[in-house]
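To start, the structure under review is shown below, and the notes come after it.
Values in this text are rule-based calculations from the coordinates and carry no lab data. Owing to the predicted nature of the structure, the values given are computational and were not obtained by experimental measurement. Cβ placement follows ideal geometry from the backbone for every residue including glycine, while neighbour counts extend to all protein chains displayed.
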Amino acid sequence: MNVFRLAGDLSHLLAIIILLLKIWKTRSCAGISGRSQILFALVYTTRYLDLFTNFISLYNSVMKVFFISTSCATIYLMYVKFKATYDHNHDTFRIGFLLIPVTILGLLINHDFTPLEVLWTFSIYLESVAILPQLFMVSKTGDAETITSHYLFCLGLYRALYIFNWIYRYYFEGFYDLIAIVAGVVQTVLYCDFFYLYVTRVIKGKALKLPA
Amino acid sequence: NRYTILHDEL
């Protein structure tokens, strides 16, 4: 565990807490893509099945349980408790366009052709693109609430920090995982446009409105 | 031949 990895995990944790607080405090999930949240729940449940087979550390297990349970809680809030506030008219990204290629890629390019390993690989590939329905929704409506943009920033920052963690691990531990690195870079690149808007607008106290 | 590769990252 190095400082980049820890900062990345904390950023990820913060993103999820911001999202849940936004939904809970405003009693609304307006502006949040339910499709992205379903993809994230799928990412965590397929990746963390090793909770039942391997024990790595208490930190590792607690975080895994947190990510699985909060992603399920988010879906419950969006599709059950605050269903009336869910903006499904703007949440129209076809997730089959992501799920089908990611499944094929997971079956073809993996470290080991075993169920757990293929599911882990699938979840890494899926995570890299899972934010697309959310970004599509923001571009469709042309804006995002400030709290939603904080959530997106923390979520994007987490994988960017992991890239620094991988550079560190490569130099100091000789460890690298090409599948995670390539997917992590793709994931971070997808946020670049948003990062630019966040830094130029939200940090200066303006609302996140897309240029017309 | 490991059944699964240990992934310590989240």
Task: Residue, nearest to the other protein chains (Cβ to nearest Cβ), within the range A:101-110, restricted to residues that are surrounded by fewer than 20 Cβ atoms within 10 Å (Cβ to Cβ), of a type in the set (Val, Ile, Thr) and assigned to a helix (DSSP H, G or I) - done: A:Thr103
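Output the helices (runs of 4 or more DSSP H) that fall wholly within the range A:111-212 and possess 1 or more residues being within 14 Å of chain B (Cβ to nearest Cβ) and not basic (Lys, Arg), or say none.
A:115-129, A:146-173, A:178-197
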Open item on the list: Condition (residue is closer than 25 Å to A:Thr85 by Cα, touching a Ser or Thr at 6+ places or on another chain (Cβ under 7 Å) and surrounded by fewer than 20 Cβ atoms within 10 Å (Cβ to Cβ)) applied to the range A:42-61: is it met by at least one residue?
Closed with: no
- [ ] Just need a number here: residues in the range A:73-84 that are touching a helix residue (DSSP H, G or I) at 6+ places or on another chain (Cβ under 6 Å) and surrounded by fewer than 19 Cβ atoms within 10 Å (Cβ to Cβ).
- [x] 1
